[in-house]
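Enquirer: Below: one structure in structure tokens.
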Amino acid sequence: MEGLGPKKPKARTFWNKIPDEVKEQVVCEALEQTNLSPRELACRISDTKEYFISEPSVYRILKSHDLITSPAYILMQAGDSFKKPTRRIHELWQTDFNYFRIVGWGWYYLSTVLDDFSRHIIAWKLFKSMTASGVKETLDEAVSNTGVNHI
């Protein structure tokens with residue numbers, strides 16, 4: 001009787017699996033073009049071969065053949081507090097530029113001065129461009145608002 005007994009497992013095929021021949025071509029291309037990044041290799045293969053392959057796929061293929069190393073990271077742990085925290089108001093100010101795109105109007109830049117100790121915004125100004133003179137104007141306003149004129 002047919003159909004009795006243990007069944008043979010069927011080979012699994014995936015519609016989106018990269019064929020082994022393509023993987024070999026990626027490795028060969030990488031060995032020939034050692035100066036190209038995975039992104040550049042993916043573009044080159046897509047431009048010169050008959051198929052598209054993504055950058056992450058190229059990266060995984062090269063990684064599996066030990067042809068690429070992970071980037072070196074320097075891990076730094078954030079502290080619970082600053083080593084030299086401010087102890088009084090106006091000891092340290094922070095400046096920052098934020099930018100916003102207003103549809104129909106264009107880009108606007110917000111310049112701020114923040115007191116590090118109190119965390120209050122001392123001065124702010126809105127500009128049409130991000131320039132050093134804008135920072136100076138905002139700092140001048142902060143000095144005027146606080147009366148601080150010396151360190």
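The values are calculated or read from the model by the stated rules, or taken from the named source; none is laboratory data. Small disclaimer: the values here were computed from a predicted structure and weren't measured. Don't worry about glycine lacking a Cβ; one is built from the backbone with ideal geometry, like all the others, and counts go over all protein chains shown.
Enquirer: Checking SER111 against (1) of a type outside the set (A, V, I, L, M, F, W, C); (2) closer than 26 Å to ARG88 by Cβ; (3) out of contact with any helix residue (DSSP H, G or I) (no Cβ under 6 Å at 6 or more places or on another chain): exactly one of these is not met. Which one?
Expert: (3)
Enquirer: Check off (1) assigned to a loop (DSSP other than H, G, I, E, B); (2) farther than 30 Å from ASP20 by Cα for ASN98 and give me the number that stays unchecked.
Expert: Result: ASN98 passes all but (1).
Enquirer: Next question, about the same structure. Identify, from the list PHE127, PHE100, the residue that is touching a helix residue (DSSP H, G or I) at 6+ places or on another chain (Cβ under 7 Å) and either over 30 Å from PRO38 (Cα atoms) or not charged (D, E, K, R) (or both). Steps first, answer last, please.
Expert: Numbers: PHE100 fails: touching a helix residue (DSSP H, G or I) at 6+ places or on another chain (Cβ under 7 Å).
Matching residue, one of PHE127, PHE100: PHE127.
Enquirer: Let me ask something additional. Hey, among SER129, SER133, SER111, which residue is polar (S, T, N, Q) and surrounded by 15 or more Cβ atoms within 10 Å (Cβ to Cβ)?
Expert: Numbers: SER129 fails: surrounded by 15 or more Cβ atoms within 10 Å (Cβ to Cβ); SER133 fails: surrounded by 15 or more Cβ atoms within 10 Å (Cβ to Cβ).
So the residue among SER129, SER133, SER111 that is polar (S, T, N, Q) and surrounded by 15 or more Cβ atoms within 10 Å (Cβ to Cβ) is SER111.
Enquirer: Please specify each residue of the stretch 114-126 satisfying the condition of being β-branched (Val, Ile, Thr) and either part of a helix (DSSP H, G or I) or surrounded by 15 or more Cβ atoms within 10 Å (Cβ to Cβ) (or both).
Expert: Within the stretch 114-126, the first condition is being β-branched (Val, Ile, Thr), and the residues that meet it are 121-122.
Across the stretch 114-126, the qualifying residue is only ILE122.
Enquirer: How many residues are among the β-branched types (Val, Ile, Thr) and within 21 Å of the chain's Cα centre (by Cα) when one looks only at the stretch 32-81? Give the derivation first.
Expert: As a first pass, look at the stretch 32-81 and keep what is among the β-branched types (Val, Ile, Thr): 34, 45, 48, 53, 58, 61, 68-69, 74.
Those left that are additionally within 21 Å of the chain's Cα centre (by Cα): 58, 68-69, 74.
Total meeting the criteria: 4.
Enquirer: Quick one: LEU36 ticks every box in (1) more than 17 Å from GLU24 (Cα to Cα); (2) modelled with pLDDT under 90 except a single one, so which number is it?
Expert: Only one criterion in (1) more than 17 Å from GLU24 (Cα to Cα); (2) modelled with pLDDT under 90 is unmet by LEU36, namely (1).
Enquirer: When the residues of the stretch 58-104 are filtered to those that are surrounded by 13 or more Cβ atoms within 10 Å (Cβ to Cβ) and of a type in the set (Ser, Thr, Tyr), which remaining residue is farthest from CYS43 (Cα to Cα)?
Expert: Applying the filter and picking the extreme gives THR86.
Enquirer: A follow-up question, please. Of the residues that make up the stretch 127-134, is at least one in a strand (DSSP E or B), touching a residue at least 12 places away in the same chain (Cβ under 8 Å) and within 28 Å of the chain's Cα centre (by Cα)? Spell out how you get there, then give the answer.
Expert: If we filter the stretch 127-134 for residues that are in a strand (DSSP E or B), which is where we start, we get 127.
Filter once more, keeping what is touching a residue at least 12 places away in the same chain (Cβ under 8 Å): 127.
Filter once more, so that each one left must be within 28 Å of the chain's Cα centre (by Cα): 127.
There is at least one residue in the stretch 127-134 that is in a strand (DSSP E or B), touching a residue at least 12 places away in the same chain (Cβ under 8 Å) and within 28 Å of the chain's Cα centre (by Cα).
Enquirer: Would you be able to tell me the number of residues in the stretch 3-33 that are at pLDDT below 70 and either in contact with an Asp or Glu (Cβ under 9 Å, 6 or more places away or on another chain) or among the hydroxyl-bearing types (Ser, Thr, Tyr) (or both)?
Expert: Keep residues of the stretch 3-33 that are at pLDDT below 70, which gives 3-14.
Remaining after also requiring either in contact with an Asp or Glu (Cβ under 9 Å, 6 or more places away or on another chain) or among the hydroxyl-bearing types (Ser, Thr, Tyr) (or both): 13.
Matching residues across the stretch 3-33 total 1.
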